[in-house]
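All remarks here apply to the structure that follows.
Each reported figure results from applying straightforward, stated rules to the coordinates on display, with no laboratory input. What you are looking at is a predicted structure, and each value in this text was computed from that prediction instead of being measured. We place every Cβ from the backbone using ideal geometry, glycine too, and count neighbours over all the protein chains shown.
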């Protein structure tokens, strides 16, 4: 089970401070997780300028120009935000037993290390 998933609220814990134009301390929602490269796409974090080649659509409108988009950031540079304290925390796991249809199963649940609350 992954520690950070799509839709989680995370905070950037490394990099330049916001006063110096960096993203450290910013919080955002995870838009996508790239498991093969251990990177995450976070909303509003690591915004880069992308130059797109000019072209034409079928209707004749011009495309291209300069866009500002989010770029992926390494998963080790973000921490999950504890829902109770709104501060970054480490993630642990707890094993619960769930009974359904007369069968018992073991389920792993993500837990905030600082407060012990379920994530």
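Quick notes on this structure:
- Label corresponding to P(r) over Cα pairs in 5 Å bins from 0, in percent when calculated from the structure given, among (1) 2, 10, 16, 16, 14, 11, 9, 7, 5, 4, 3, 2, 0; (2) 2, 10, 16, 17, 17, 15, 11, 7, 3, 1, 0, 0; (3) 2, 10, 21, 23, 21, 14, 7, 2, 0: (1)
- At q = 0.27 Å⁻¹ the log10 of I(q)/I(0) for the range 61-111 amounts to -1.04, computed by Debye summation with a single uniform scatterer per C-alpha, solvent ignored.
- The GNM of the chain, with springs linking C-alpha atoms under 10 angstrom apart, assigns the highest mean-square fluctuation among 75, 66, 13 to 66.
- Relative contact order, whole percent, for the chain stands at 19, derived from Cα pairs under 8 Å and 6 or more residues apart.
- Take the Cα of residue 56, step 7 Å toward its Cβ, do the same at residue 103, and the gap between the two points is 6.1 nm.
- Max mean-square fluctuation residue, GNM over the chain, Cα-Cα springs under 10 Å, options 107, 30, 40: 107
- Highest GNM mean-square fluctuation among 21, 102, 92, for the chain modelled with Cα contacts below 10 Å: 102.
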